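Undergrad: My questions will all concern the structure given below.
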Amino acid sequence: MTMNVIEAMETCTAMRYLKEDPVPREVIMKLLHAATRASNPGNSQGWEFVVVEDAVAKAEIGAAVLQGMGPAFANRPTGMDGVQARMYQGAEHLATNFAKVPVWIVGCGRKVYPPHAPTDVFMYSTIYPAAQNLIVAARSLGIGTCFTTFHHVAGDTLRRVCRIPDDVHPSVMIAVGYPERKFMPVRRKPLESVVHWNMF
Ligand SMILES: Cc1cc2nc3c(=O)[nH]c(=O)nc-3n(C[C@H](O)[C@H](O)[C@H](O)COP(=O)(O)O)c2cc1C
């Protein structure tokens with residue numbers, strides 16, 4: 001049973017605590033179908049998705065993530081509020097348990113737009129709407145996800161282990177699994193503080 005899309009967005013919190021239960025490939029394909037319905041420049045569809053479910057691959061990439069994230073976790077800011085502290089704690093849990101996450105979806109871009117002079121900006125801006133579609137679709141199906149940028153610290157290992165070609169650029173790594181915790185309403189700044197009608 002799927003849910004209303006607005007309701008899914010309202011409660012699409014980053015799920016950093018995931019069960020180890022496998023997520024069937026048919027379900028992953030549903031998420032990727034949703035991802036590839038996204039808007040993209042000129043319908044160039046410069047995206048590729050690497051689905052990492054293999055235990056050995058996850059262990060190797062996870063070790064690189066943990067090593068790369070070590071300094072960020074060790075030197076986390078002091079005086080954080082409860083929400084920020086829980087976010088760091090959750091991110092550390094996710095990195096530490098990288099290999100236990102059933103599926104990691106690596107969203108990658110190809111530099112293909114505009115055809116006469118492709119740019120990095122269009123490449124990265126192609127993959128993010130797709131990733132957002134994916135996490136909202138997952139939420140609607142009761143599946144937890146967490147956007148990450150772990151490829152920033154483990155890009156070389158990721159490329160080697162998953163044999164990602166040089167012209168394909170990992171741009172987001174999304175953890176996917178059944179949630180161990182409850183989805184909660186997302187907390188955002190009041191709308192009035194960020195909306196400007198006609199003039200800033
Ligand atoms: C571009 C981007 C990068 C992110 N990177 C990470 C990350 O590396 N690790 C992580 O645990 N969460 C990451 N997140 C999730 C955010 O931290 C999360 O969405 C934010 O704290 C708000 O929490 P909420 O979505 O649960 O309301 C990322 C989100 C985005 C959009």
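Undergrad: Hey, got a sec? Which trypsin sites (Lys or Arg not before Pro) in the range 135-200 land in a DSSP loop and have at most 14 other Cβ atoms within 10 Å?
TA: Answer by residue number: ARG163, ARG181, LYS182, ARG187, ARG188.
Undergrad: Of ALA175, ALA14, ALA57, which has the largest mean-square fluctuation in a 10 Å C-alpha GNM of the chain?
TA: Sorting by GNM fluctuation, first place goes to ALA57.
Undergrad: Per DSSP H run of n ≥ 4, the term is -39500 (n - 2.57); total these for the chain, divide by its residue number, and report the mean residue ellipticity at 222 nm rounded to 500 deg cm²/dmol.
TA: -13500 deg cm²/dmol
Undergrad: Could you order the peptides 145-152, 115-122 from most to least packed, using the average number of other C-beta atoms within 10 Å per residue?
TA: 145-152, 115-122
Undergrad: Same structure again: Given Cα pairs under 8 Å that are at least 6 residues apart, what percent is the relative contact order of the range 4-143?
TA: 46
Undergrad: Another question, then. Largest first, please: the extent of the C-alpha atoms of the range 64-111 along each principal axis, to the nearest Å.
TA: Per principal axis, max minus min of the Cα coordinates gives 40, 29, 21 Å.
Undergrad: What residue among ILE135, ILE28, ILE105 has the largest mean-square fluctuation in a Gaussian network model of the chain, using Cα springs under 10 Å?
TA: Maximum among the listed residues: ILE28.
Undergrad: In addition: Output needed: percent of Cα pairs per 5 Å distance bin for the range 1-104, bins running from 0 to the one holding the longest distance.
TA: Result returned by the calculation: 2, 10, 14, 17, 18, 17, 13, 7, 1, 0.
Undergrad: Now a separate question. When the scattering of the range 114-200 is computed by the Debye formula from its Cα atoms alone, each counted once and equally, what is log10 I(q)/I(0) at q = 0.10, 0.24, 0.25, 0.26 Å⁻¹?
TA: Debye output, listed in q order: -0.42, -1.20, -1.22, -1.25.
Undergrad: To continue, here is another question. Using amide H atoms built 1.01 Å from N in the peptide plane, name the residues 5+ places from VAL172, or on other chains, whose amide H lies under 5 Å from its own.
TA: GLY107
Undergrad: Moving to a separate point now. Keeping all protein chains in place, calculate the accessible area per residue for the chain (probe 1.4 angstrom), answer in Å².
TA: Per-residue accessible area for the chain comes out at 59 Å².
Undergrad: Taking the Cα centre of the range 18-180 as the origin and placing charges on Cβ (Lys, Arg +1; Asp, Glu -1), which of MET29, MET173, CYS146 is farthest toward the positive end of the dipole?
TA: Sorting the options by dipole projection puts first MET29.
Undergrad: In the chain, carbon and sulfur make up what percent of the accessible area (probe 1.4 Å)?
TA: 56
Undergrad: Tell me, what ³J(HN,Hα) does each residue in the range 101-112 have, in order and in whole Hz, if you take phi through Karplus 6.51 cos²θ - 1.76 cosθ + 1.60 with θ = phi - 60° and put x for Gly and Pro?
TA: Along the range 101-112, the couplings run 5, x, 9, 10, 9, 9, x, 10, x, 10, 7, 10 Hz.
Undergrad: Grab the Cα-Cα distance for GLN89 and HIS152, subtract it from 0.36 nm times how many residues apart they are, and report the gain in nm with one decimal.
TA: Residue separation times 0.36 nm, minus the Cα-Cα distance, leaves 20.8 nm.
Undergrad: Further, regarding this structure: Report the residue, chosen from MET184, MET80, MET123, that carries the largest GNM mean-square fluctuation when the chain is represented by alpha-carbon nodes joined by springs under 10 Å.
TA: Maximum fluctuation in the GNM of the chain, among the listed residues, is at MET80.
Undergrad: Please report Rg over Rh for the chain, where both radii come from the alpha carbon positions and Rh follows the Kirkwood definition.
TA: 0.97
Undergrad: Let me ask something else. Sticking with the crude label model, points 7 Å out along Cα→Cβ, report the distance from ARG181 to PHE200 in nm, one decimal please.
TA: Modelled inter-label distance: 3.6 nm.
The values are calculated or read from the model by the stated rules, or taken from the named source; none is laboratory data. These numbers come from a predicted model, not from an experiment. Note that we place each Cβ from the backbone using ideal geometry, even for glycine, and neighbour counts take in every protein chain shown. Protein only, heavy atoms only, side chains kept; ligands, DNA and RNA dropped before computing areas. Shrake-Rupley method; radii C 1.70, N 1.55, O 1.52, S 1.80 Å.
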